[in-house]
1. It is to be established whether one or more residues within the range 87-96 are more than 22 Å from LEU210 (Cα to Cα) and either modelled with pLDDT of 90 or more or surrounded by fewer than 21 Cβ atoms within 10 Å (Cβ to Cβ) (or both).
2. So, in the range 168-200, of the ones that are of a type outside the set (A, V, I, L, M) and touching a His at 6+ places or on another chain (Cβ under 9 Å), which residue ends up farthest from ARG240 (Cα to Cα)?
3. When residues of the range 146-177 are filtered for being outside any strand (DSSP E or B) and at pLDDT 95 or above, how many remain?
4. Restricting attention to the range 209-230, and to residues there that are modelled with pLDDT of 95 or more and of a type outside the set (A, V, I, L, M), which single residue is nearest to VAL93 (Cα to Cα)?
5. Mind checking which residues of the range 330-343 are more than 15 Å from VAL284 (Cβ to Cβ) and either touching a His at 6+ places or on another chain (Cβ under 9 Å) or not acidic (Asp, Glu) (or both)?
Amino acid sequence: MKLFKPFLPIICIVFTFAAPTRKEFSEAFIQVAENGNPAIVSIVSEKMVERSFHQFFGPFGDRFPQEKFKGHSLGSGVIIDADEGYIVTNNHVIEDAEEIKVVLFDKREVEATIVATDPPSDLAVIKIEQGGLSTIELGNSNQLSVGEWVVAIGSPFGLHLNHTVTAGIVSAVGRSSVISRNNFEDFIQHDAAINPGNSGGGLFNLDGELVGINTAIATDGFSRANAGVGFAIPINMVKRVLEDLISEGKVTRGWLGVQIQDVDEGMAKALNLKNRYGAIISQVIKNSPAEDAGVKEQDVIISVDGEKVDDSSNLKNLISSGRPDDKTKLIVIRDGHEKKLTVTLGTRPGERELAETIRYGSKHYDLLGLKVEPNSNEDESVFNFGSENGVQVVDVKPDSQADENGLRRGDIITEVGKHDISSVNDYISELDGYSKGDTIMLRVVRNGSPQYVAFEIE
């Protein structure tokens, strides 16, 4: 008997931490379904679409005029505010919808209106005027672990399959570039079965907390069916977006003002980096928060406010989750050494505006109301005026000083004041010396013919 004494504590521990029974294990999923189902809705959106008809049996495959008809799309949503009737769903579920109908868990059908949408995150908020609604507790998606059980609830394939409950595990976190590199993606990947119609539905942990909004699936070949790879927007990102959508009608994101890319093996070796974490700065936009903070090209950002940066997508999400005027602490690697920088975030422009900002700098229209770029006009030599450097006008702001004084797209500005212009930087530097009330004179070449234009800056 003495031989077994040392093992008694171990035996006690084994019995103390014995695995749950089948009934106990099942009960956790049953509770999630019972608590989550009343907060899940089915969404039917209607919009007019056009369809072209072809007469395939005619001699030329004649095309008939397009016919408009009412189309329907089905998705899911989650009630996030029972008192106000707010429902979160995917933007693609209700995009361009003319009518939206919500079907509740108790079969009530209610008309809904769009509160606001955010296509870059594929999130939208709709609203219904209805009492007796149920809601759900929001969890913390940062606490999810790979391998953790999750439950998906939604309406796959149609209303006849609404409030379908499926289960799986978290396969990965922080997935990006799944739908588009231009979107804000930080997906939870899981293998709970979701299919068309599940979009906008809820992903729950076993505590019954909402941890994500199901958005996309990976499919096999031409099939639209689930292949065991689903993606959900983490609830922490959802919270940030919803706050702005409900209060402001749009999402205001922080902006650093850089072009970034992932660090590959060659870059890591060339920059003497210990690993490939972080994001390398390929361009610092002029007059941006990054430039003001001293960020330089070839800097590798490895930390934002103490949070490790995995790659360029991760950096974009971290910066965009901040707000304009936030003081954000960066750690960058420069010349093999860590350097701490503090940047005051700006306001992230819209996608079109952002593209223009990258191309022309953060001052979209200059003091005169112009956008310029390096001169690429090769027609001047035809008129034997020699080679003109200068900058080319690519846009003129309506009713601006430049517009009122006759400047137009395609003009070449070769002088500002008495100074020759050979680059965009030259042009910007010269303009920086002027302010409202000053008189400015420009030498402008149009169709090979130079002329001077002078006017007072208002």
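The values are calculated or read from the model by the stated rules, or taken from the named source; none is laboratory data. These numbers were taken from a predicted model, which means no experiment stands behind them. Glycine also receives a Cβ, built like all others from the backbone with ideal geometry; neighbour counts cover every protein chain displayed.
1. Scanning the range 87-96 turns up at least one residue that is more than 22 Å from LEU210 (Cα to Cα) and either modelled with pLDDT of 90 or more or surrounded by fewer than 21 Cβ atoms within 10 Å (Cβ to Cβ) (or both).
2. GLY168
3. Pass one, the range 146-177, residues outside any strand (DSSP E or B): 146-148, 155-163, 176-177.
Within this subset, residues satisfying the condition of being at pLDDT 95 or above are 146-148.
So the answer is 3.
4. ASN214
5. ILE331, ILE333, GLY336, HIS337, LYS340, THR342
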